[in-house]
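Participant: For reference, the structure I am asking about is given below.
The values are calculated or read from the model by the stated rules, or taken from the named source; none is laboratory data. The model shown is predicted, which means the values in this text are computed figures rather than measured ones. Please note: Cβ atoms are built from the backbone with ideal geometry, for glycine as well, and neighbour counts cover all protein chains shown.
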Amino acid sequence: MKFTTLLSMASVAMSAAVTVEIHSTVLETVFETASETIISDAATPEPSPTVRYVTILPKPFPAFNGVALSGTVHNKRDTVETSVDCNLGLASASAAALREQSSAGTSSAAYTATLTSGSNLSSETHTIEVSSSTSSIPEPATASIETEPNPSLIPLFIPVHQEDSTTDTTTDTHNMGLGTKIRDMVNNVGPVAAADLSKPNQAPNDRTIFQSRNNHGPNIGSMFLLEKWLTPGMFPDSAKGDAELDAVTALVAEQGAGGAQKKFEDHWNTWITDDDFSYLQSVGANAIRVPMGYWTINGGAFTQGTPFQQYQSVYQNAWSIFKTNILDKARAANIAVLIDLHAVPGGANGDAHSGTSSGKVEFWDSRSDQKIAIDALQWVAKDVLSYDNVLGIEVVNEAVYDASTSKEGSYYLRALEAIRQVNPDVPVYISDGWAPTEWNEWVQEQNQKLSAGQNTGFVVDSHVYKAFSEQDKGNSPQQNIANVPAYLNVGKAQADSIVGEFSCVFSEETWAKAGGEDREQLAIKYGQVQIESFNQNARAGWFFWTYKFQYGDGGDWGFKPMTQKGALPTFSNGGSNKDPKAGIKEAATKATEEHSAYWDQHQGNYEHWRYADGYVSGWQDAAAFYEFHGSTIGRINAWQDARRAQHIAAKGNSGAIWEWDQGFDAGIQGLLNYMRS
């Protein structure tokens, strides 16, 4: 099968077409050229346009610290050989080199571009034959590229910058998709392993349990990232929109920077109090998710070049207040905190909770915006290193759908690398971009690139709402409730995941189709079915949207009323008089006998002792979690991978390792059944 890509040529008016056929084996084609401005002079009123590009074939290596590159520079009038610096991701050809190596009248050439620096690089190169022809063309000009697919190579095209007296070629690769793709390929180091999740024959410590248990509770919406529908009192009448930028702009205009700062700090200091943490403890909520705007981090230090830069002084104490009022108080209450970088520069989506009312989604195509976000995330990861109750750092909220996972995946990997440089173990939460199966599979692929038992620490965050799409509005409440389990069923993908946002809300269009059934009871059932589904398909936990409203209790959006009604469960946080270690011998013996009796009826080579080993390991780990305020294992994939690798290292691998897996799962469930009986 062939892939054909159509290229819109440079914006300059061209009098000839260039058809390029690249005879090479590649996976996909990405093609961009530099825009050209022709500077006419009296001697040359209509100079011939020059079309230049560099074709680069990267060949990734496992460590991904470098890539081997090769390619062809084609110029309608000139042909030049050039070098590519892997670490910088740049390709350039000087005017002198162009003049030196020009071949008058030549329109076809082949050359090899070799890597000049970088680590873990191969000397292997590839040569690409390039030919071109000219003819009259319609507007806009296009070039057709046909290639045969090969999963081992990826082609990229870099504009060549040339300076001479007649042509000014200016290329801004800072915010263009090409520059991002090139830098992603040459700068990414691939998935980075987190610190070992567990040690052989050792129980987990408190920090590991905070990070790895099933964490559940509410979102603390509109505290450090305003949403008008939750906190209308923070928006003066003069505010021109519903986003935080609108609020702070209006407040500064009316009260000055000092007055705006006081209003924000009063809000931050009163939105969540000691009484709120006591309430969360009373219903067994063991975690909170706190949405943050990038402008609140480190006193607004990461606002340079953004719309919030002029309001930096308003936020100078935001981060210290967050640590005092959230991290410190949550730690005292044994409540974990998910720090959610909810709003990133440029907007990861077009909604007001991105911080502005522009409706624009610029983050994914802006290298500068991504750098601000990654720098902020790295700073946060380092600053909270001493907080054992930070269950994770979320690098973006509700990313737009990305069918290829390329842009968002690249950002996630670079954010992971930056965080791992300063914080070796904190889990890194990513948005599923409304595609849970694709992103669970992507995380599984990244983890599989690491050594056995290692894990990136990625956790996939899915949001479940049945009130906004036209399809959901067209369904009855009963239909939407029935559809919940299928949404998070990601098949065989083995990745840890949470539901970072959900509610018990349906649209009025949906409620109109309830068929007379009681609305309140349907809302309660909806919450219960969601929790049941999450316990099966998002075992790392869930966070209800939202905890608090400035006016009223929020109804089906409110954590307190939905907990009180029974739509959301309460938890005892332990409290059993049983010793979790006491029943292990009897339970393991009985379970292994039942397992053996079943499989011995079927022909095969079994190692039932592995089942017993797995059962004991699963029970002991589950007991250690349970003793920590009734916690249960949440990041089960990462945890089980680590323990399996330890088992294999100690006792060898075999085709019967599945028996250990079954035993481990059974041991976890056996402990929970024992403690709850």
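Participant: So which residues in the stretch 258-312 are charged (D, E, K, R), surrounded by 14 or more Cβ atoms within 10 Å (Cβ to Cβ) and part of a helix (DSSP H, G or I)?
Facilitator: Result: 262, 263, 265, 276.
Participant: So, one more: Residue 620: under 38 Å from the mean Cα position of the chain (by Cα), under 25 Å from residue 460 (Cα atoms) and not aromatic (Phe, Trp, Tyr), yes or no? Spell out how you get there, then give the answer.
Facilitator: Working: under 38 Å from the mean Cα position of the chain (by Cα): yes; under 25 Å from residue 460 (Cα atoms): no; not aromatic (Phe, Trp, Tyr): yes.
When the stated conditions are applied, residue 620 does not pass them.
Participant: Test residue 390 against the stated conditions and say whether it is within 21 Å of residue 499 (Cβ to Cβ) and in contact with a strand residue (DSSP E or B) (Cβ under 6 Å, 6 or more places away or on another chain).
Facilitator: Here the answer is yes, as residue 390 does meet what is asked.
Participant: Filter the stretch 383-417 down to the residues that are among the aliphatic types (A, V, I, L, M) and part of a helix (DSSP H, G or I), then identify the one that is surrounded by the most Cβ atoms within 10 Å (Cβ to Cβ).
Facilitator: It comes out as 416.
Participant: In the stretch 632-654, which residues are farther than 27 Å from residue 493 by Cβ and either assigned to a helix (DSSP H, G or I) or in the same structural domain as residue 457 (by TED's automatic domain parsing) (or both)? I'd like the intermediate steps shown before the answer.
Facilitator: So the first thing to find is which residues in the stretch 632-654 are farther than 27 Å from residue 493 by Cβ, and the list is 650-652.
If the condition is that a residue be farther than 27 Å from residue 493 by Cβ and either assigned to a helix (DSSP H, G or I) or in the same structural domain as residue 457 (by TED's automatic domain parsing) (or both), then 650, 651 are the ones that fit.
Participant: Would you check which residues across the stretch 485-499 are buried (at least 20 other Cβ atoms within 10 Å of the Cβ), in contact with a helix residue (DSSP H, G or I) (Cβ under 7 Å, 6 or more places away or on another chain) and of a type outside the set (D, E, K, R) and list them?
Facilitator: Answer for the stretch 485-499, where residues must be buried (at least 20 other Cβ atoms within 10 Å of the Cβ), in contact with a helix residue (DSSP H, G or I) (Cβ under 7 Å, 6 or more places away or on another chain) and of a type outside the set (D, E, K, R): 488, 490, 495, 497, 499.
Participant: Considering only residues that are closer than 23 Å to residue 245 by Cβ and in a helix (DSSP H, G or I), which ones fall in the stretch 326-346?
Facilitator: The one that is closer than 23 Å to residue 245 by Cβ and in a helix (DSSP H, G or I): 326.
Participant: Just checking, which of 629, 602 is over 40 Å from the mean Cα position of the chain (by Cα) and assigned to a loop (DSSP other than H, G, I, E, B)? It would help to see each step written out before you state the result.
Facilitator: Working: 629 fails: over 40 Å from the mean Cα position of the chain (by Cα).
Testing whether each residue is over 40 Å from the mean Cα position of the chain (by Cα) and assigned to a loop (DSSP other than H, G, I, E, B) leaves just 602.
Participant: Taking the options 590, 651, 581, name whichever one is surrounded by fewer than 20 Cβ atoms within 10 Å (Cβ to Cβ), modelled with pLDDT under 95 and among the charged types (D, E, K, R).
Facilitator: Going through 590, 651, 581 in turn, just one is surrounded by fewer than 20 Cβ atoms within 10 Å (Cβ to Cβ), modelled with pLDDT under 95 and among the charged types (D, E, K, R): 581.
Participant: Sticking with this structure for a sec: Read through the list (1) surrounded by 20 or more Cβ atoms within 10 Å (Cβ to Cβ); (2) more than 17 Å from residue 464 (Cα to Cα), then give the number of the only condition that residue 566 fails.
Facilitator: All conditions pass for residue 566, except number (1).
Participant: Now for a separate question. Looking for whichever is in a strand (DSSP E or B) and in the same structural domain as residue 342 (by TED's automatic domain parsing) here; the options are 534, 549, 543, 468. Which one fits?
Facilitator: Working: 534 fails: in a strand (DSSP E or B); 549 fails: in a strand (DSSP E or B); 468 fails: in a strand (DSSP E or B).
Only one candidate qualifies: 543.
Participant: Name the residue, out of 544, 549, 571, that is touching a strand residue (DSSP E or B) at 6+ places or on another chain (Cβ under 6 Å) and touching a residue at least 40 places away in the same chain (Cβ under 8 Å). Spell out the reasoning first.
Facilitator: Working: 549 fails: touching a strand residue (DSSP E or B) at 6+ places or on another chain (Cβ under 6 Å); 571 fails: touching a strand residue (DSSP E or B) at 6+ places or on another chain (Cβ under 6 Å).
That would be 544, the only listed residue that is touching a strand residue (DSSP E or B) at 6+ places or on another chain (Cβ under 6 Å) and touching a residue at least 40 places away in the same chain (Cβ under 8 Å).
Participant: Just to check your reading of the model, which residue among 318, 287, 301 is touching a residue at least 60 places away in the same chain (Cβ under 8 Å), under 28 Å from residue 423 (Cα atoms), of a type outside the set (Val, Ile, Thr) and touching a Gly at 6+ places or on another chain (Cβ under 6 Å)?
Facilitator: 287
Participant: Give all pairs with beta carbons closer than 6 Å in which a residue from the stretch 243-257 that is at pLDDT below 95 meets a residue that is part of a helix (DSSP H, G or I); count only pairs at least 6 apart in sequence or on separate chains.
Facilitator: Cβ pairs passing all conditions: none.
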